[in-house]
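Just so it is clear, none of the values below were taken in a lab; they were calculated from the coordinates. Computed from a predicted model, the values in this text were never measured in an experiment. Here the Cβ is made from the backbone with ideal geometry for all residues, glycine too, and neighbour counts use every protein chain on show.
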Amino acid sequence: EAKGAGRNLVRFFDPEMQRVVAEEASLEADLRTAVDHGEFELHFQPQVTASGQVIGAEVLLRWPHKVRGLVSPAEFVPIAEKTGLIVPIGTWVLRRAVGILADWARNDALAMMKLSINVSAAQLHGAGFVETVLGAIDASGARPECLKLEITESLLVRNIGDAIQKMSALQSRGILFSLDDFGTGYSSLSYLKLLPLDQLKIDQSFVRDLPEDGNDAAIAEMVVALGRTLGLNVIAEGVETIGQKEFLQEIGCDQYQGYLFGKPMPLDQFEAFARANAHSATHGPQDGF
Ligand code: C2E
Ligand code: MG
Ligand code: MG
Ligand code: MG
C-alpha cells in the first residue's frame, strides 16, 4: 500500500505526467457538468450498400465545449469509460436514437432506416441494460429491427457469458448486433460463433491502405469470407476512396461507411441525405438486412 502510494507520488513530480493528470481531471469535471446539463449532440454517418442505397447511420457523440470547441469522442469516451460516466451518457444516446427511430417509423421514406449505436462494456454489463433498451423501445414505438448495437471485441473478453445472455435476450426481440473495430481486438475466433451477431465491421485501420497493402487486402478478404461462413453481414468503416470501395466490393463486402459516402452530420442533414438516397440506383436484390 505504502509502496504503491510512494510510486504515485513520484509520478506527480514528473511535470509532463502532472500536466496529463491535471488535464484529465479538468476534462472529467467538465464531463460531469456536461452530463448534468445535457450538453452532448449526436451526428449521423450514412451506411450504404454497394449501389449507394442508404440503409441507415451510425450515431456518433459530439461534445461542443465552451472553451475547447468540439471535443472528439476519441478523447472523452475513454475518460467517460474510466469514470463510469459512459453509463448515463450511453443511456442518453440510446433514448435519443430510439426516439428518432420512433419518429421515422411513422414516416414512409425513412421507416426502414437503421440506427447503429456504440455500446461500452460498462453499459452492457451494467445493471438493467436489457430492460433499459427494451423499455425505451416499448415506450416509443420504434422498430427493434431498426436498432443496431455496436460492441467491440475488448468488451467481450471481460465477461463472455454475461454478454451472450444479454445479447441473446435483445436479439430475440429483433435488435441487431455489430462487432465494431473487428480485427483490432484479441478475442478468440471461436467466440464469434457463440455470439448472437448480425454484422462484422472491418476496422478502418485495415481499409486505409487498400488496395495497395497486401496484408490489409488479405485481412479484409478474410473478414468477408468469415462473415460469409458465419452468415453475417460485413460492413467496412473509414472508406474514403473509390479504389478502396471497388476493392471491397470485389471481395464481396455488403455495406460501406466513410467520408466517400458521407461524413458524420447533424440529424436534419442526414434525413435529407437519406430521403435522396433511400433507393439504390440499380434495382438489385434487397441488400440491406
Ligand atoms: P467507431 O465506433 O469505430 O466510429 C468510427 C469513427 O471513424 C468515427 O469517429 C467516425 O467519425 C470516423 N470515420 C468515419 N468515416 C471515416 C473516414 O472515412 N475516415 C476517417 N479517417 N475516419 C472516419 P468519431 O466520431 O471521432 O468516434 C470515435 C470513437 O468514439 C468511435 O469509434 C467510438 O468508439 C467512440 N464513440 C463515438 N460515439 C460513441 C457513443 O455514443 N458511445 C460510445 N460508447 N462510444 C462512442
Ligand atoms: Mg462504431
Ligand atoms: Mg468502428
Ligand atoms: Mg474504429
| request: May I ask which residue of Phe261, Ala127, Pro211 lies farthest towards the positive end of the charge dipole of the chain, with charges of +1 (Lys, Arg) and -1 (Asp, Glu) on Cβ and the Cα centre as origin? | output: Ala127
| query | In a Debye calculation with equal point scatterers on the alpha-carbon sites of the range 12-105 and no solvent, what is log10 I(q)/I(0) at q = 0.15, 0.24, 0.25 Å⁻¹? | reply | -0.69, -1.26, -1.32
| task | Please give the net charge around Phe247, taking every other residue with its beta carbon less than 10 angstrom from that of Phe247, where Lys and Arg add +1 and Asp and Glu add -1. | result | -4
| query | Beyond 14 Å, what share of the Cα-Cα pairs of the range 195-261 remains, rounded to the nearest whole percent? | reply | 49 percent
| What is the antiparallel percent of DSSP beta bridges lying wholly in the chain, to the nearest 5? | 40 percent
| query | Could you give the angle, 0 to 90 degrees to the nearest 10, between helix 2-12's Cα long axis and the longest principal axis of the Cα atoms of the chain? | reply | 70 degrees
| task | Taking the Cα centre of the chain as origin, work out the dipole magnitude from +1 charges on Lys and Arg Cβ and -1 charges on Asp and Glu Cβ, in debye rounded to 20. | result | 660 debye
| query | Can you give me the Cα centroid spacing of the range 80-137 and the range 22-64 in angstrom? | reply | 12 Å
| remark: With only helices counted (DSSP H, runs n ≥ 4, each -39500 (n - 2.57)), the per-residue ellipticity at 222 nm for the chain, to the nearest 500, works out to -15500 deg cm²/dmol
| remark: Under the 7 Å Cα-to-Cβ spin-label approximation, Glu131 and Ser168 lie apart by a distance in nanometres of 2.1 nm
| Degrees separating the helix 214-230 axis from the principal Cα axis of the chain, which is the longest one | 70 degrees
| task | Would you mind counting up the charge near Ala29? Only other residues with Cβ under 14 Å from its Cβ, with Lys and Arg at +1 and Asp and Glu at -1. | result | -2
| request: Work out the length of the dipole vector of the range 116-243 about its Cα centre, built from +1 on the beta-carbon of each Lys and Arg and -1 on the beta-carbon of each Asp and Glu, and round it to the nearest 20 debye. | output: 580 debye
| said: Sorted from largest to smallest, which semi-axis lengths in Å does the alpha carbon gyration tensor of the chain give for its equivalent ellipsoid, taking the root of 5 times each eigenvalue? | reply: 32, 23, 21
| query | Taking the Cα centre of the range 92-251 as the origin and placing charges on Cβ (Lys, Arg +1; Asp, Glu -1), which of Leu192, Pro144, Gln244 is farthest toward the positive end of the dipole? | reply | Pro144
| message | Given N residues in the range 68-189, what is its alpha carbon radius of gyration divided by 2.2 N^0.38 Å? | response | 1.08
